[in-house]
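The structure appears right after this line, and notes come after that.
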């Protein structure tokens, strides 16, 4: 049975599957082109790891496109999106669940064929469940990366923008920074101020600004640098994952 995803049949040759057909099945977005994925360092490492075992991982067939092994199909689909990855998993599950009809003239061969088909179906089901679990486990990390990628387009982020980028409530993020020893409360108005260590290490930038109203009074501000935001985002993500694991352990 052919591998069919979103009504598009993915060509197969020598046990390899056409990436170009997969790209069309995913919607054909320019950002999801196979060539861009293959330039990715992680994809290159995966190809090298597969080929260490002497397994053909990728072939370019003139006039037909680029063909890859099943493991790379899953990796490419995951790179595109979690939703498309799930479609590929289900397509393989359906493909493996339809065995070729055995030779009923030979009862022994027929029984063996059906037994083999049942085993393949079981393995495909287990694989799909494992990959679905992996996708679920990766959701927090994927969401974090998407938020960080969006936020890192800016050179510096103040407290409020950093909290917003991490989808954190301001009171919770404030307490997190205080617990981590990044800021302290200063003066009668209990303003947050960064510790000198983080200024010296380039994680926080301080400066003086002037209001735009007619009074034009000076004020002091501090922001996370790109380097600083990357660091604090990693700390925040580690805490989020630890809390999620603790909740799962209690359940």
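The values are calculated or read from the model by the stated rules, or taken from the named source; none is laboratory data. For clarity, every value in this text was computed on a predicted model and none was experimentally measured. Please note: Cβ atoms are built from the backbone with ideal geometry, for glycine as well, and neighbour counts cover all protein chains shown.
Conditions (1) in contact with a helix residue (DSSP H, G or I) (Cβ under 9 Å, 6 or more places away or on another chain); (2) farther than 16 Å from residue 73 by Cβ, marked per residue:
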site	(1), (2)
19	yes, no
26	yes, no
30	yes, yes
34	yes, no
49	no, no
52	no, yes
Enumeration of residues in the stretch 190-210 that are more than 21 Å from residue 175 (Cβ to Cβ), touching a helix residue (DSSP H, G or I) at 6+ places or on another chain (Cβ under 9 Å) and assigned to a strand (DSSP E or B): 205, 206
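Residues are listed down the side, and each one gets a yes or a no for (1) outside any helix (DSSP H, G or I); (2) at pLDDT below 70; (3) touching a strand residue (DSSP E or B) at 6+ places or on another chain (Cβ under 6 Å); (4) at positive phi:
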| site | (1), (2), (3), (4) |
| --- | --- |
| 136 | no, yes, no, no |
| 139 | no, yes, no, no |
| 154 | yes, yes, no, no |
| 174 | no, no, no, no |
| 188 | yes, no, no, no |
| 212 | yes, no, no, no |
| 219 | yes, no, yes, no |
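State the number of residues belonging to the stretch 3-15 that are farther than 15 Å from residue 77 by Cβ and either surrounded by 12 or more Cβ atoms within 10 Å (Cβ to Cβ) or not assigned by TED's automatic domain parsing to the domain that holds residue 86 (or both). Talk me through it step by step, then tell me what you get.
The first filter runs over the stretch 3-15 and keeps only residues farther than 15 Å from residue 77 by Cβ, leaving 7, 9, 11-15.
Now drop any that are not either surrounded by 12 or more Cβ atoms within 10 Å (Cβ to Cβ) or not assigned by TED's automatic domain parsing to the domain that holds residue 86 (or both), which leaves 9, 11-13.
Residues in the stretch 3-15 being farther than 15 Å from residue 77 by Cβ and either surrounded by 12 or more Cβ atoms within 10 Å (Cβ to Cβ) or not assigned by TED's automatic domain parsing to the domain that holds residue 86 (or both): 4 in total.
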Among the numbered criteria (1) farther than 21 Å from residue 171 by Cα; (2) without any contact (Cβ under 8 Å) to a residue 24 or more places away in the chain; (3) in contact with a helix residue (DSSP H, G or I) (Cβ under 8 Å, 6 or more places away or on another chain), which one does residue 245 miss? (3)
Is it the case that some residue within the stretch 51-74 is in the same structural domain as residue 119 (by TED's automatic domain parsing), at pLDDT below 95, farther than 27 Å from residue 119 by Cα and in a helix (DSSP H, G or I)? yes
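Do the conditions hold for residue 22, that is, is it within 19 Å of residue 86 (Cα to Cα) and either outside any helix (DSSP H, G or I) or in contact (Cβ under 8 Å) with a residue 12 or more places away in the chain (or both)? Spell out how you get there, then give the answer.
Working: within 19 Å of residue 86 (Cα to Cα): yes; either outside any helix (DSSP H, G or I) or in contact (Cβ under 8 Å) with a residue 12 or more places away in the chain (or both): yes.
Yes: the conditions hold for residue 22.
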